[in-house]
1. Any aspartates and glutamates with Cα under 17 Å of the B:Lys250 Cα? List them, leaving off those in the same chain fewer than 8 positions away.
2. Quantify how strongly other chains surround peptide A:191-199 by giving the mean number of their Cβ atoms within 10 Å of each of its Cβ atoms.
3. Determine the shielding of peptide C:42-54 by partner chains: average, over its residues, the number of Cβ atoms on other chains within 10 angstrom of each Cβ.
4. Compute the distance in nm between two label points, each set 7 Å from the Cα along the Cα-to-Cβ direction, one at A:Ile173 and one at C:Lys167.
5. Let me know the shape class of the protein assembly as shown, please: from the alpha-carbon gyration tensor, a ≥ b ≥ c as square roots of the eigenvalues, rounded when a/c is under 1.5, otherwise prolate if a/b is greater than b/c, or oblate.
6. For the pair B:Glu205/C:Ala26, report the inter-label distance in nm, with labels modelled 7 Å from Cα in the Cβ direction.
7. List every DSSP H helix in chain B whose Cα atoms extend 15 Å or more along the helix's own long axis and whose mean Kyte-Doolittle hydropathy is at least -0.5.
8. Can you name the helices of chain A, as whole DSSP H runs, whose Cα span along the helix axis is 20 Å or more and whose Kyte-Doolittle mean is not below 1.0?
Amino acid sequence: MSDHNYQPQSKFGKWFNDRLPLLTLANHLTDYPTPKNLNYWWTFGGILTFCLITQIVTGLVLAMHYIAHADMAFDSVEHIMRDVNYGWLIRYIHANGASMFFLAVYIHIFRSLFYGSYKSPREIIWIIGIIIYLLMMAAAFMGYVLPWGQMSFWGATVITNLFSAIPLVGEGIVTWLWGGYSVDNPTLTRFFTLHYLIPFLILGLVVLHIWALHVPGNNNPVGIDIKKPSKDTVPFHPYIVIKDGFALLMFMIVFAFFVFYTPNILGHADNYIEADPLVTPAHIVPEWYLLPFYAILRSVPDKLLGVVAMLSAILILAALPWLDTSKIRSAVFRPLYKQFYWILVADVLILGYVGAMPAEGLYLLIARIATAYYFLHFLVILPVLGFKERTLPIPLSITEPILGGSPNLAAAKIEKGLDKLK
Amino acid sequence: MKKFLKLFSFLFVLLFFSFQTLAAEKVEYLKTDWSFKGLFGKFDRSSLQRGYQVYTEVCSSCHSMKYLSYRNLAEKGGPEFSEAQAKAIAASFEVKDGPNEDGDMFTRPGKLSDKFVMPYENVKAAQAANGGAYPPDMSVLVKARGGGVDYIYSLLQGYEDPPIGMELDDGVYYNKFMYGNKIKMANQLSDGLVNYSDGTEATVEQMSKDVTTFLMWAAEPHLEARHQMGFKAIVYLIILTILVYFSMKKIWSRIKTEV
Amino acid sequence: MSEKKTNRRDFLFTATYAVGAVGVGATIWPMIDQMNPDASVKALASTEVDVSSVNVGKTITVLWRGKPVFIRRRTQDEIAEARSVKLEDLKHPENDEDRAKDPEWLVMLGVCTHLGCVPLDQKGDYNGWFCPCHGSHYDTSGRIRKGPAPTNMEIPKYEFVNANTIKIG
C-alpha cells in the first residue's frame, strides 16, 4: 500500500478520517503507483468493473418488472420489451452485457496467461479471479433460464442433469436442485434468487481481487518487479484513469453496436419460444462463452468422466501458478512459451467452434484432439517448459531497454519485443 | 495506438461474422429488400397496414398474437393507424369480459387497451382444431425462427409438389423452406386473396412481404426507436472517445519527457 | 508552458467533462423513467360504469386506475345543502355547481386528500363523508369542512356517454 500516513487538509476531513479512513483509501486509489508501460490489454480490468456495474444496475431495473413464475416469466419479459418505458433498451443491454462481460473476461484471462500475471507473488489474485469466473458462469447460466424460453428450459435441464453423473447421490441432488421431478416453477424461482445474489458476491470478490492486486502492485508487459513509486510508475489518477476510460469508450462502441443493431445475434432464436417440457429444440447449444467447455464435456464418451473433464478444465487453471515452473513471467522473454501460448489460444477457439457444431464425425474427432491438447498444455508442456526453455535475458528495469542502456547482445531483440507491445 | 485500433476492429469483425455465420442456416432463402434493415432502417407504413390486413383476414383464424393490443396499431413506429381507425378496428372484435355484477361473463366490442382477440381459448383447443399441430403464436415468431424475416417470407412462398417418392400423410404439406420439408399448414396465399384498399396488387409475393413486415414490427415494436437511439448513441460515443483520446495524449505528454 | 497553451488544455478537459456528463445524464434517464407508468397501464385510463340501478340516496364505488371512485345519486336535501354553503366558509372554496355538473350525480375520487385513506359514506358532521384515519369531515359535495385534509376530494374527468352510462377518465 502506498501512503498510510495521508492526512486530510480540512479539520472535518481529519476528524472523519480518524474514525473511518475513507479518505486514506481514496488517496491510496488515486496515487496508487502503476507501471507506466502497461499496454491496452491491461485496460480490461477497468472494463470488467464497468461490465459488472452495468449488469447489476440493469438487472436491478429488470427485476422490478420481471415475474419469476413459470406461467408468467415469458409474458413478463415481453411486457418489459413492449410496454415498460425503455424496457427494450434495458433488457438488451443486460442480455448483450453478459456476452460483453465474458468477452472482456476472456481477454483479461489470456492477457494474464501471456504476461505470467498469475505467478508469484500474485497467485491469490489469480485464484480469486478464477472463483469470480466460476461465479460469472453460474450467474450467466441462471440468468439465461429466467426468460423461460425453450433454450432456458432445456439448458437448465441439461446443465442440472450434469449433477446426476455423481455416483449414488446424483439423482437425489438433481431432484433437490429442481425442487421437483423436472425443471419447473420451484427451479425458476430459486434460480432467480441466486441470479440476483451472485453478482453481489462477485462484487465482494472483485474488492478482494483489487485489494490483493494492490499489495504487490501490477504486473507489466516486461514482467519484472519494479520499485514503486519510482520513475517506472505513474499515479493511477489521472494517467491510468484516462487510459482505461479511453479503452472503455472503444469497448462501449462495440457494445452499443450489438445492443442497437444486432441485439439478438448472440442469443438463440429458440429462446423466443415459450418453454415447452414436451418438445426439445433441434440443437441444444449453450451461450457462446460456454462453448469450449461444452465441447470438452461432449468429447468424453462417459457421462461421469465428461463432467469431470469439464470441471477439471476450469479448476486446472487454479493450479496454474504451480504448474508453470518458469521463473520468467512475460512471454516476451520466453520464445517457446510464446508459441505454445498461441497454440493454446487457437486450441480454445477450435473447442469453441466444435462446441457449436453437432457432436458427430469429424467434429467429435477434432473436439477430442483439442481437449487432449488443452490438458497436455497445462499438465505437461508448461511444467517441462519451465526447465527446458532457453529464455531471453530480461532487462533490469522497464525503462532500460527504451534508453538503450542494455549492453548485452539480446538488447536488439528485446527492443523488438517491446515494440510489439506498444 | 494504431496497433490497438487494428486489434480492436479485428476482434469486432471476427466476433460479428463468426456469430452471423453460426446464426445463419444453410438454406438459401428468397431475398427481398427490407426497409427496416440497416442503420436507419424504418418500417414501410403502408406495408405494415397491408400486412395487418393480411394477418386479420388470413392468418388470424388460426394464429394468435397474444402480446399485441389494439392500441399498438396507433402507436408511433408501428402501422400508425389513426386513433379513430384503431378504435374502429378494436370495436370490430368481440371481446370477452366480466364477470359483471351478476357474476356472468359477457362480450362487448373491443377497446384500444384490449389484447388481440385469440382464435382459440387455449393451446389444447388450437391443437384439437388443427389436427394436433399448434399454430404458433405470432407475436414474436420472427425472432423465434433462425432465419428471421427471410425464413418467414420464403416459407409463405415455398409450397411445392412433393418430390417423387415422398409420401405425405393427410394434413401434411411439402414446403421447401420448412425444416424437414413437412409442414402442417396448408398453402394459405393465392394471388388476389385479399383486396388491398390502397390499390396495391395482392400477389403472393406482395402479401408475403407485407405480412412478414407486419410480423417483424409485432416482434420488435421499438425497432425504429432503437435504430434512431443507436445512431445517436454511437455518434455520441465516437465524439467522446475522440475528446478523451486527446485529453489522454495531453496528460501522458507530461511524463514522456522523463522517459 | 505559455498562458495560451494552458487555456487550450483547460478547454479540452472541460469539453471532455461536459460531454461525458451529458452522456451520464442520458444514461440515467431510462433507469428512472422505467419506473413511471408503462404503456399498458396508461392505456387503461378510462372506465365505463352503468348507473341505471343506482337509486336516489345511494352511492356506488367503482375502481378506476386502482382507486375507488364514489358515484352518488344525491337527494334534493343534499343538493340544497351543498349549494347553500357560502364560499367564504370553505377551507378550499369551490362551488358545488362546478363539482357536480348534473346536480343529481356526484362523481368523485374516493380518496381523502390528507393521506390517501378511503372516507366513509354518510358519516361525519356535514352529512357527507368522514375519514376514519385522521378525522377529516367532508360535506355533501365532498368538500373538506373540518379536519387535517387540505383540499376537497378530487373530481375526475368524466362524462355521461348516455343517460345510464358514465365514462370516467
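None of the figures in this text is laboratory data; all of them are computed from the coordinates on show. No experiment lies behind these values; they were computed from the predicted model shown. Cβ: placed from backbone, ideal geometry, glycine included. Neighbour counts: every protein chain shown.
1. A:Asp244, B:Glu258, C:Glu3, C:Asp10
2. 0
3. Values: counts 4, 10, 3, 2, 3, 0, 2, 0, 2, 0, 0, 1, 0.
Partner Cβ neighbours, averaged per residue: 2.
4. Each label point lies 7 Å from its Cα, and together they span 6.3 nm.
5. Note, shape of the protein assembly as shown comes out oblate.
6. The answer from the label model is 4.1 nm.
7. Numbers: long enough: B:2-23 (31 Å, 1.40); B:45-57 (18 Å, -1.29); B:204-219 (22 Å, 0.31); B:223-256 (47 Å, 0.66).
Answer set is B:2-23, B:204-219, B:223-256.
8. Those that clear 20 Å and a mean of 1.0 are A:44-63, A:123-145, A:185-214, A:241-261, A:335-356, A:361-376.
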